[in-house]
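The values are calculated or read from the model by the stated rules, or taken from the named source; none is laboratory data. Values in this document were obtained by computation on a predicted structure and should not be read as measured data. Methodologically, a virtual Cβ is constructed for each residue, glycine included, from the backbone with ideal geometry; neighbour enumeration extends over all protein chains shown.
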């Protein structure tokens, strides 16, 4: 168990910072620029090689006409698909920028549950933001027929030396350009994944810090129960004698009705807390927040728990808000 606590402790210490998020965004933008440059160079080189091949075919037999027409037609199909794939891939940079902004906001307000929810959604979005379009780019690149079209021209003109040389150059240029595009696309995807991993360190993890062990006293204010009967303010106490990563031992008392035993508990590093106790005399489910920093009134971490809950006391079901403060 102590090993688990140490692992959680280490994870919390290695959290994202504004500096690390800025560095990851810079890396994403740099690698994205490389992908753009690769596509631009591949397109211009293919265009130049196509022009050179056409020039070498001048004066050749008419049987080359359909073979040569197929090459630019297939290139157009290829670049239409690949350009769309690259544009989709680079949209991950937009997603990353929003995610980094949410991460920075969460760093400034680590106990803000709304920001935690945003970062959670961001890490989910980043899972496929780059990997999905990268996979399609890889597939579309591997199914290109450009090399086959060039080889067909070479096979049909085995004695046209200038064409054979240019065909070899065109194939080399195309294969090299595609390989570089895919390599840089992979680098871009890895940088986006690095941001996701860093952001995930901002997400709450199970913890026992601050400790919940102690005697908390306060009130449970119910919602209106029936017509004509307003809310009630009940005395409320949570006495916790021991704590593990997924439970606490103690007693919960509401207006003199008590239940003791093992209470299912989930405390997260952002202060979010849930407690559930089922017994013959009292069934209660609480969802709230324990302060993880010193309060404005000077109460140290772990001193105050606030939230909402439902309870069944002596056969009556109630729900409402509670506020308890550690007295010992």
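Things worth noting here:
- Residue within the stretch 237-252 that is under 17 Å from residue 318 (Cα atoms), modelled with pLDDT of 95 or more, over 35 Å from the mean Cα position of the chain (by Cα) and assigned to a strand (DSSP E or B) present: yes
- Failed item in (1) more than 30 Å from residue 119 (Cβ to Cβ); (2) loosely packed, with under 13 Cβ neighbours inside 10 Å, with residue 300 passing the rest: (1)
- Any hit, the stretch 145-154, residues being in contact with a helix residue (DSSP H, G or I) (Cβ under 7 Å, 6 or more places away or on another chain), part of a helix (DSSP H, G or I) and under 23 Å from residue 30 (Cβ atoms): no
- Checking each residue in the stretch 305-321 for being at positive phi and out of contact with any strand residue (DSSP E or B) (no Cβ under 7 Å at 6 or more places or on another chain) picks out only 315.
This table checks each residue for (1) in a helix (DSSP H, G or I); (2) farther than 25 Å from residue 27 by Cα; (3) under 13 Å from the mean Cα position of the chain (by Cα); (4) at pLDDT below 95.
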| position | (1), (2), (3), (4) |
| --- | --- |
| 68 | yes, yes, no, no |
| 86 | yes, no, no, no |
| 95 | yes, no, yes, no |
| 116 | yes, no, yes, yes |
| 127 | yes, no, yes, no |
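- Take the conditions (1) surrounded by 14 or more Cβ atoms within 10 Å (Cβ to Cβ); (2) under 33 Å from the mean Cα position of the chain (by Cα); (3) in a loop (DSSP other than H, G, I, E, B); residue 294 misses just one of them, which is (1).
- Exactly one residue out of 164, 127 is in contact with a helix residue (DSSP H, G or I) (Cβ under 9 Å, 6 or more places away or on another chain), surrounded by fewer than 17 Cβ atoms within 10 Å (Cβ to Cβ), assigned by TED's automatic domain parsing to the domain that holds residue 71 and free of Cβ contacts under 8 Å to residues at least 40 places away in the same chain, and it is 164.
- Selection within the stretch 41-64 - within 18 Å of residue 159 (Cβ to Cβ) and surrounded by 11 or more Cβ atoms within 10 Å (Cβ to Cβ): 53, 55, 56, 57, 60, 64
- Checked against the criteria, residue 224 does not count as outside any helix (DSSP H, G or I) and crowded, with 16+ Cβ neighbours inside 10 Å.
Results for (1) surrounded by 19 or more Cβ atoms within 10 Å (Cβ to Cβ); (2) assigned to a loop (DSSP other than H, G, I, E, B); (3) under 16 Å from the mean Cα position of the chain (by Cα); (4) at pLDDT below 95, shown as yes or no for each residue.
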site: 190; (1), (2), (3), (4): no, no, yes, no
site: 194; (1), (2), (3), (4): no, no, yes, no
site: 197; (1), (2), (3), (4): no, no, yes, no
site: 211; (1), (2), (3), (4): no, yes, no, no
site: 216; (1), (2), (3), (4): yes, no, no, no
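- Scanning the stretch 253-273 for residues that are closer than 18 Å to residue 323 by Cβ, in a strand (DSSP E or B) and either more than 36 Å from the chain's Cα centre (by Cα) or free of Cβ contacts under 8 Å to residues at least 24 places away in the same chain (or both) yields 253, 254.
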